[in-house]
1. Write out the GluC sites (Glu not before Pro) in the stretch 177-255 meeting two conditions: DSSP loop, and at most 10 other Cβ atoms within 10 Å of their Cβ.
2. Quick one: accessible area per residue over the chain, 1.4 Å probe, rounded to a whole number of Å²?
3. Calculate the all-directions average of the projected area of the stretch 125-238's alpha-carbon convex hull, and give it in nm².
4. Taking R0 as 41 Å, what's the FRET efficiency between VAL34 and ALA62 from their Cβ-Cβ distance, rounded to 0.05?
5. Share of the stretch 59-140's accessible area from carbon and sulfur, percent, 1.4 Å?
6. Based on the mean of other beta carbon atoms within 10 Å per residue, what is the order of 125-132, 275-282, 243-250, most packed first?
7. Over the alpha-carbon set of the stretch 175-282, divide Rg by the Kirkwood Rh and report the Rg/Rh ratio to two decimals.
8. Quick one: which of 34-41, 150-157 comes out on top by average Cβ neighbours within 10 Å, and what's the full order, highest first?
Amino acid sequence: MNYHRPTSFEQASAIAAAAAGVTRFLAGGTDVLVQLRAGTVTPDDLIDLKHIPGVKEIAPTAEGGWRIGVAVSGADLGRHAGLCADWPGVVEGMRLVGSIQVQGRATLAGNLCNGSAAADSVPGLVAAAARVSVVGPQGRRELAVEDIPAGPGRTVLAPGELIAAIILPARGARGGDAYLRFIPRTEMDIAVVGAAVNLRLDGDRVAEARVALGAVAPRILLVPEAADAILGTPLDASALSALAAAATAAARPITDRRGTAEFRREVVGVLVCRAARIAYQRAGGAAT
Ligand SMILES: Cc1cc2nc3c(=O)[nH]c(=O)nc-3n(C[C@H](O)[C@H](O)[C@H](O)COP(=O)(O)OP(=O)(O)OC[C@H]3O[C@@H](n4cnc5c(N)ncnc54)[C@H](O)[C@@H]3O)c2cc1C
């Protein structure tokens, strides 16, 4: 195995583009090293991103949002007061990843690029309308987070492409977000269902919303019909009931040892309403 330590994204991209065999980028390594030790994926080329300047930084953007480096750990996210105040739903998604030890290494970009439909940080990012800056052999491009997963274990990134940063938009006034997951244990398990809601209020009414669901389809879903169900409402009982119905209708879950498809359809309706209530209160709305 060839271990590489590039000092720029362009160099990392060039190494990946020239590599012939199995290539992996090394961020926190909490997926890559587990797969390597288990013998499920043995990279021919392992490209360590942690020595590229700026990858461990969280910086404000000119637009009032945040630019998160690709080696920022979950623990660092949770310690960043500005990010926690603006995007608590994104931070709480990452806080659910594994244990304290895992969060000391695990990154948002790694969680996204591992391609799991149950990835805990991704629904919050999708609901937040986060984008990623991608560097590749053809230069730079920006993509919405929801466009990155291509299916279980796969992304749309072309050979030689990698994520250089995650960009969260400005929070703005009267906004709130939340992420919840269901697992059969209290921690250290994979989401059976995940639900993230991000919304903005005008008075007591929902003026903007985005809803994302995890672990109920081959990839994380952005569900505009679920957002539409609460738009213009004060998140009252009928809006919540329409939200639950829209989330359940969008879900295309499988049955596995963690839960049946029927169970997941039921739980996604419950969780999405709970997440919406939390987001609504975080946006300054009264408890519903
Ligand atoms: C004990 C344990 C418990 C866990 N629990 C959870 C959990 O509860 N919820 C959950 O969602 N996950 C969980 N995970 C999985 C893992 O911790 C997360 O997916 C984590 O966020 C991966 O981030 P990383 O930085 O460690 O990724 P890495 O292992 O470094 O990389 C993961 C993948 O992403 C690619 N990659 C990394 N960075 C980039 C980049 N910048 N551009 C392009 N591709 C890139 C790599 O090539 C690799 O394919 C757990 C893992 C362990 C070991």
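The values are calculated or read from the model by the stated rules, or taken from the named source; none is laboratory data. Since the model is a prediction, treat every value here as computed from it, not as a measurement. Here Cβ is always computed from backbone atoms with ideal geometry, including for glycine, and neighbour counts include all displayed protein chains. Note: areas computed on protein heavy atoms with side chains; ligands, DNA, RNA excluded. Shrake-Rupley method; radii C 1.70, N 1.55, O 1.52, S 1.80 Å.
1. On the way: sites: GLU187, GLU208, GLU225; in loops: GLU187.
Those satisfying the criteria are GLU187.
2. Details: 12550 Å² over 288 residues.
For the chain, the solvent-accessible area averages 44 Å² per residue.
3. Working: hull surface 36.0 nm².
Here the figure is 9.0 nm², rounded to one decimal.
4. Numbers: r = 38 Å, r/R0 = 0.92.
Efficiency at R0 = 41 Å is approximately 0.60.
5. Values: 1580 of 2950 Å².
Carbon plus sulfur share of accessible area: 54 percent.
6. Working: 125-132: 26.0, 275-282: 23.6, 243-250: 21.0.
By packing density, highest mean first, the sequence is 125-132, 275-282, 243-250.
7. Rg divided by Rh gives 0.98.
8. Working: 34-41: 11.2, 150-157: 13.9.
Ranking the peptides 34-41, 150-157 by packing returns 150-157, 34-41.
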